[in-house]
1. Here is a list of conditions, (1) hydrophobic (A, V, I, L, M, F, W, C); (2) under 27 Å from A:THR104 (Cβ atoms); (3) modelled with pLDDT of 95 or more, and B:LEU21 meets all of them except one; can you say which number that is?
2. Anything in the range B:19-51 that is surrounded by 20 or more Cβ atoms within 10 Å (Cβ to Cβ), out of contact with any Phe, Trp or Tyr (no Cβ under 6 Å at 6 or more places or on another chain) and among the polar types (S, T, N, Q)? List them, or say none.
3. Filter the range A:84-110 for residues that are away from every other protein chain (no Cβ under 14 Å) and either within 13 Å of the chain's Cα centre (by Cα) or closer than 18 Å to B:TYR35 by Cβ (or both) and give the result.
4. Would you point out which residue out of A:TYR36, A:TYR25 is facing chain B (nearest Cβ under 10 Å) and either of a type in the set (Ser, Thr, Tyr) or free of Cβ contacts under 8 Å to residues at least 12 places away in the same chain (or both)?
Amino acid sequence: QKEVEQDPGPLSVPEGAIVSLNCTYSNSAFQYFMWYRQYSRKGPELLMYTYSSGNKEDGRFTAQVDKSSKYISLFIRDSQPSDSATYLCAMSINDYKLSFGAGTTVTVRA
Amino acid sequence: DGGITQSPKYLFRKEGQNVTLSCEQNLNHDAMYWYRQDPGQGLRLIYYSQIVNDFQKGDIAEGYSVSREKKESFPLTVTSAQKNPTAFYLCASRRDRGPQYFGPGTRLLVL
């Protein structure tokens with residue numbers, strides 16, 4: 001079993017829809033949680049960083065962490081074609097060595 | 001303009017050849033990392049360095065080597081011992097606490 005599981009998709013939604021992305025993990029020692037967006041042939045770009053259970057909002061993006069269920073989510077409201085990318089979840093125990101999900105490919109249709 | 005730069009953008013390796021990928025950052029970050037990304041897989045850690053003149057092996061260090069002589073620079077050498085080097089290589093850095101930030105990547109192809 002992988003340490004971090006992420007549904008690879010692909011996920012296709014119409015413009016304006018809510019995109020919901022999830023990762024589950026097995027190691028209860030993970031304390032720091034991140035979401036990255038990666039466009040094709042580019043480096044990952046940090047979207048969200050959190051280290052506590054609950055919700056964190058930044059513009060159209062909401063990150064949710066449920067440590068008791070070992071489950072994290074990213075929601076994108078009012079999705080745009082420019083949100084079409086691969087989304088990677090990442091997490092760590094000690095904030096310096098990350099474990100990544102395989103990434104979910106999202107397409108937002110105009 | 002602060003950031004992480006990687007060069008070259010594309011690199012071609014011949015059989016038996018060592019090649020070196022460059023990573024430079026001007027963010028004054030202490031820690032630097034090298035990852036390999038293959039299609040359909042998450043990022044896998046090759047090497048990391050938390051301070052100058054010190055580095056540790058990651059999960060897939062065989063066939064790779066690094067150096068950290070300056071805080072700003074963390075070059076990665078893909079040696080001839082790495083039998084399947086074709087991949088997208090990503091460099092990242094971070095402050096002593098906080099998330100990692102990534103460079104634009106280098107795509108390595110074998111001729």
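1. (2)
2. B:GLN25, the sole residue that qualifies.
3. We begin by selecting, within the range A:84-110, every residue away from every other protein chain (no Cβ under 14 Å); these are A:84, A:106-110.
Hit for the range A:84-110 is A:VAL106, nothing else.
4. Exactly one of A:TYR36, A:TYR25 is facing chain B (nearest Cβ under 10 Å) and either of a type in the set (Ser, Thr, Tyr) or free of Cβ contacts under 8 Å to residues at least 12 places away in the same chain (or both), namely A:TYR36.
The values are calculated or read from the model by the stated rules, or taken from the named source; none is laboratory data. Fair warning: this is a prediction, and the values are worked out from it, not measured in the lab. Reconstructed Cβ throughout: ideal geometry from the backbone, glycine too, with neighbour counts over all protein chains shown.
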